[in-house]
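Beneath this line is the structure, given in structure tokens, with notes to follow.
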Amino acid sequence: MADAAQFLSIVNQATHVKALFFGHRHLYQVSSTNGLHLVQLRSAAYNFDPAQPIGWVQMALASSGAQLTLRINSGNFAKQGSVTNLAWR
């Protein structure tokens, strides 16, 4: 975890970096730190937790931010089509 904290401290200083997208955690979660958006992309094929959806995120980019729409093809459909708006720092 020290490497992740060190990486975030460097990226947080680079204000031209607006968001980090990463995956392979089998979890969909969006958070932010100091205006930097952190987006964990979920698995498109396998689920460890039945409460989580299986699918992908459709993204529409704009100069002021991004719109993320959750597209679910299996698993928990409760958040199908949910939208998260990111405003760039």
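What do you reckon, is Y28 among the aromatic types (F, W, Y) and either at pLDDT 90 or above or surrounded by 13 or more Cβ atoms within 10 Å (Cβ to Cβ) (or both)? Reasoning before the result, please.
Numbers: among the aromatic types (F, W, Y): yes; either at pLDDT 90 or above or surrounded by 13 or more Cβ atoms within 10 Å (Cβ to Cβ) (or both): yes.
When the stated conditions are applied, Y28 passes them.
Within region 19-33, which residues are in contact with a Lys or Arg (Cβ under 8 Å, 6 or more places away or on another chain) and within 17 Å of A4 (Cα to Cα)?
The initial filter retains those residues of region 19-33 that are in contact with a Lys or Arg (Cβ under 8 Å, 6 or more places away or on another chain), namely 23, 25-28.
Once the filter is applied, which keeps residues that are in contact with a Lys or Arg (Cβ under 8 Å, 6 or more places away or on another chain) and within 17 Å of A4 (Cα to Cα), region 19-33 yields G23, R25.
Out of all the residues in region 62-69, is one or more part of a strand (DSSP E or B), at pLDDT 95 or above, touching a Gly at 6+ places or on another chain (Cβ under 7 Å) and surrounded by 13 or more Cβ atoms within 10 Å (Cβ to Cβ)? Outline the logic, then answer.
Filtering region 62-69 down to residues part of a strand (DSSP E or B) leaves 62, 65-69.
When the remaining residues are screened for being at pLDDT 95 or above, the result is 62, 65-69.
When the remaining residues are screened for being touching a Gly at 6+ places or on another chain (Cβ under 7 Å), the result is 69.
After this cut, where a residue has to be surrounded by 13 or more Cβ atoms within 10 Å (Cβ to Cβ) as well, the list is 69.
Looking for residues that are part of a strand (DSSP E or B), at pLDDT 95 or above, touching a Gly at 6+ places or on another chain (Cβ under 7 Å) and surrounded by 13 or more Cβ atoms within 10 Å (Cβ to Cβ), one finds at least one in region 62-69, hence yes.
The values are calculated or read from the model by the stated rules, or taken from the named source; none is laboratory data. None of these values were measured; they are calculated from a predicted model. Positions of Cβ are generated from backbone atoms using ideal geometry, with glycine treated the same way; all protein chains shown enter the neighbour counts.
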